[in-house]
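What follows is a short report on a single structure.
The values are calculated or read from the model by the stated rules, or taken from the named source; none is laboratory data. Keep in mind that this is a model prediction, so the values were computed, not measured. Virtual Cβ from ideal backbone geometry, glycine too; neighbours counted across all protein chains shown. Accessible surface is based on the protein model in full, side chains and every heavy atom, while ligands, DNA and RNA are left aside. Shrake-Rupley method; radii C 1.70, N 1.55, O 1.52, S 1.80 Å.
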Amino acid sequence: MSLVSPYQVLRVLIFLALYAFIGLVLWMLWQDIKSTRRLIALTTVPAGELVELSSEQSHPLMPVTSLGRASSNVIALPDPTVSLEHALITRREGVWWLEDLHSRNGIHLNSQRLETPAVITSGDIISIGHSRFKIHIHPTSS
């Protein structure tokens, strides 16, 4: 019978600790990949739409939706009374917000001038320049 030396026991423990650490790192990477996939899906799929009241044209409502005259906005409005970057609609912690990006002519939410960021819901009416939009939020995204 041979005696197991303390060095052999220590080597086995270090070996097991190393494999446990590698397994933990791989598990954490997998969890990060899964949450990133969910986040990408949330930001690329419309969560509703903004329906222009005058033409019934529907625009996608994304988790971050910019409105303004510039073509770089999610919803570009060819209206000289609209600022290049006029308004922003965002979803934060399950709540939808509308904010004025310091535009000259402002925004109206349900016929009230918007002074500070405000919570919005389905059925609200947003007025920007000569355009009026009705908000439709999908039930699964509110």
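Assorted remarks:
- Accessible area (Å², 1.4 Å probe, nearest 10) - residue 84: 100
- The residues 65, 116, 36, sorted by heavy-atom accessible surface at 1.4 Å with ligands and nucleic acids left out, run 116, 36, 65 from largest to smallest.
- Packing rank of 124-133, 24-33, 89-98, where each peptide gets the mean count of other beta carbons within 10 Å, highest leading: 124-133, 89-98, 24-33
- Sequence of 22, 75 from largest to smallest accessible area, 1.4 Å probe: 22, 75
- Maximal additional length on extending the residue 136-residue 85 stretch stands at 16.2 nm, based on 0.36 nm per residue less the C-alpha distance.
- Label zone (residue 116, point 7 Å along Cα-to-C-beta; backbone nitrogen cut-off 14 Å) within segment 67-106: 98-100.
- Under the convention that each Lys and Arg Cβ holds +1 and each Asp and Glu Cβ holds -1, the size of the dipole of the chain around its Cα centre is about 520 debye.
- Projecting the Cα atoms of 60, 125, 21 onto the charge dipole of the chain, computed from C-beta unit charges around the Cα centre, puts 21 farthest toward the positive end.
- For residue 7 and residue 27, a Förster radius of 35 Å and the Cβ-Cβ distance give a FRET efficiency of 0.70, rounded to the nearest 0.05.
- Only Lys, Arg (+1) and Asp, Glu (-1) charged, at Cβ; segment 75-123 dipole about Cα centre in debye: 60
- Against the criterion of solvent-accessible heavy-atom surface with a 1.4 angstrom probe, 5, 58 sort, most first, into 58, 5.
- Across segment 1-94, the convex hull enclosing all Cα atoms gives 148 Å³ per residue.
- In the assembled protein chains, residue 34 presents an accessible area of approximately 70 Å² (probe radius 1.4 Å).
- At R0 = 35 Å, FRET efficiency that the Cβ-Cβ distance of residue 72 and residue 38 yields, to 0.05: 0.85
- In degrees, nearest ten, helix 6-44 long axis to first principal axis of the chain (Cα): 10
- With the helix formula -39500 (n - 2.57) applied to DSSP H stretches of n ≥ 4, the chain reaches a computed 222 nm mean residue ellipticity of -10000 deg cm²/dmol.
- Accessible area of residue 111 in the full protein assembly, 1.4 Å probe (Å², nearest 10): 100
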